[in-house]
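The values are calculated or read from the model by the stated rules, or taken from the named source; none is laboratory data. What you see is a predicted model, and the numbers here were worked out from it, not measured in a lab. Neighbour counts run over all protein chains shown; Cβ positions are idealised from the backbone, glycine included. The accessibility values were calculated without ligands, DNA or RNA, using every heavy atom of the protein model including side chains. Shrake-Rupley method; radii C 1.70, N 1.55, O 1.52, S 1.80 Å.
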Amino acid sequence: MKETKTLWWDESLGGIRYIDQTLLPTEYAIAGCTDIDQLITAIQRLEIRGAPALGVAGGYGVALAARTCTGPSFDDYARAVLRAADRIRESRPTAVNLSWGVDRVVARFLAANDETSAKTVTLAEAESIAADDTRCCHAIGEHGAALLPDQCTVLTHCNAGALACSSWGTALGVIRSAVAAGKQVKVIACETRPLLQGARLTAWELARDGIDVTVITDSTAAHMMRSGAIDAVIVGADRITGDAVFNKIGTYMHAVCAKHHVIPFYVAAPLSTFDATRKESEVTIEERGRGELAVVGNRTLIPEGVPVKNYAFDSTPMDLVSAIVTEQGVVRPPFDIGALLSRSGPVP
Ligand code: MRU
């Protein structure tokens, strides 16, 4: 299986290289950003997307700010870097990994006393976020693979794969690790309206690895669950509060449906996705533009003047979740997240 690297620091560019995810599956292109405006645009256009990948991008973003910001004194320089960090943190609101990645590197930045060391320590910390993320995904994969039967059909939503992380993936990491262990796993990928991360990205990644994948419309999921065609549902997460799992819009309906049909509903996510002290009601769900729903190619699908609602995420209450797979192991109801976080040691 190929280890797809989604984004990385390129010293010769003096910036971040990444797979432009808006172009897949028809075009595989590596793009680059050398300033903070470009990075923010790449995040907001979903060229770089997926919670763990946003954490890595946030980290590299602060390293990029440390390289590109200037000021007549160290204090002015530091203020400029911290302003840039704030802008990156706020570029998408729902995935907590973004602010987590920014904050982890900002903490290193704040301990630096001069520009040279600020540049060195921020890049080193960003690199370590990327390396940790890959290790987390493999550990999640190993823990989660044990949950899947030797032969099964698994439904997933959106893309929680290598493209959403630094590599390997969370939900797709579980599937990859299960297949690597010799299990026969078939994947049903929900297309994931409106930006089609399932159809475009999950199908691309899995087909490339030779994993059996079939794409369905999001609304086909209930029909397949009812007809006994789905053995488990596994998804990633953008944020896990004490009481709910936030993930791509449509996840909640799969969880309700899985509960109704007594199908296990698994969430795979690193501890960096947990925001245990917050409640569901405190989280901002990103709403995106009308164009994503109303226009496909050069066709307008919705009459002018008719409003749309384009929520990018939804939240699934914990009582619908069968287990959460983390790099530290599998947690089951009643989900003592505080205890899980307190026993978290170094990334395996
Ligand atoms: O809007 P996106 O494409 O960034 O949304 C991504 C998702 O919802 C993923 O399922 C989530 O980030 C988990 S990725 C391991």
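Brief remarks follow.
- Taking the criterion of being within 12 Å of the chain's Cα centre (by Cα) and either among the small types (Gly, Ala, Ser) or farther than 11 Å from Val102 by Cα (or both), the residues of the range 44-73 that qualify are Leu46, Ile48, Arg49, Gly50, Ala51, Pro52, Ala53, Gly55, Ala57.
- Restricting attention to the range 106-119, the residues being open to solvent by 50 Å² or more (accessible area, probe 1.4 Å) and under 29 Å from Arg49 (Cβ atoms) number 4.
- Residue within the range 22-36 that is in a helix (DSSP H, G or I), of a type in the set (D, E, K, R), out of contact with any helix residue (DSSP H, G or I) (no Cβ under 9 Å at 6 or more places or on another chain) and open to solvent by 10 Å² or more (accessible area, probe 1.4 Å) present: no
- With respect to the conditions (1) open to solvent by 10 Å² or more (accessible area, probe 1.4 Å); (2) touching a Cys at 6+ places or on another chain (Cβ under 6 Å); (3) within 16 Å of the ligand (Cβ to nearest atom), Ala222 lacks only one, and its number is (3).
- Looking only at the range 158-183, and only at residues there that are more than 8 Å from the ligand (Cβ to nearest atom) and of a type in the set (Val, Ile, Thr), the one that is surrounded by the fewest Cβ atoms within 10 Å (Cβ to Cβ): Val179
- Summed over the range 279-335, the residues that are among the small types (Gly, Ala, Ser), touching a helix residue (DSSP H, G or I) at 6+ places or on another chain (Cβ under 6 Å) and either in a loop (DSSP other than H, G, I, E, B) or more than 23 Å from Lys259 (Cα to Cα) (or both) give a count of 0.
- Verdict on Val330 being in contact (Cβ under 8 Å) with a residue 24 or more places away in the chain, within 16 Å of the ligand (Cβ to nearest atom) and either among the aliphatic types (A, V, I, L, M) or surrounded by fewer than 20 Cβ atoms within 10 Å (Cβ to Cβ) (or both): no
- Selection from the range 225-242 of residues that are within 14 Å of the ligand (Cβ to nearest atom), in a loop (DSSP other than H, G, I, E, B) and either at pLDDT below 95 or not small (Gly, Ala, Ser) (or both): Asp238
One line per residue, one yes/no per condition, for (1) at pLDDT 95 or above; (2) open to solvent by less than 40 Å² (accessible area, probe 1.4 Å):
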{"position": "Ala244", "(1), (2)": "yes, yes"}
{"position": "Ala258", "(1), (2)": "yes, yes"}
{"position": "Lys279", "(1), (2)": "yes, no"}
{"position": "Glu282", "(1), (2)": "yes, no"}
{"position": "Ile285", "(1), (2)": "yes, no"}
{"position": "Pro307", "(1), (2)": "yes, no"}
{"position": "Thr316", "(1), (2)": "yes, yes"}
{"position": "Asp319", "(1), (2)": "yes, no"}
{"position": "Leu341", "(1), (2)": "no, no"}
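- Selection within the range 44-56 - in a helix (DSSP H, G or I) and closer than 16 Å to Ala160 by Cα: Ala51, Pro52, Ala53, Leu54, Gly55, Val56
- The numbered conditions (1) farther than 22 Å from Leu23 by Cβ; (2) open to solvent by less than 40 Å² (accessible area, probe 1.4 Å); (3) not basic (Lys, Arg) are all true for Ala312 except (1).
- Residue check for Thr41: within 16 Å of the ligand (Cβ to nearest atom) and part of a helix (DSSP H, G or I): yes
- Checked against the criteria, Pro52 counts as under 21 Å from His157 (Cβ atoms) and out of contact with any Leu (no Cβ under 7 Å at 6 or more places or on another chain).
- Tally of residues being assigned to a helix (DSSP H, G or I) and either in contact with a Cys (Cβ under 7 Å, 6 or more places away or on another chain) or among the β-branched types (Val, Ile, Thr) (or both) across the range 148-200: 6
- Scanning the range 184-202 for residues that are touching a strand residue (DSSP E or B) at 6+ places or on another chain (Cβ under 7 Å) and open to solvent by 20 Å² or more (accessible area, probe 1.4 Å) yields Gln184, Lys186, Glu191, Ala199.
- Looking only at residues in the range 89-105 that are more than 11 Å from the ligand (Cβ to nearest atom) and among the small types (Gly, Ala, Ser), the one that is surrounded by the fewest Cβ atoms within 10 Å (Cβ to Cβ) is Ser91.
- Hey, Glu47 acidic (Asp, Glu) and surrounded by 16 or more Cβ atoms within 10 Å (Cβ to Cβ) or not: yes
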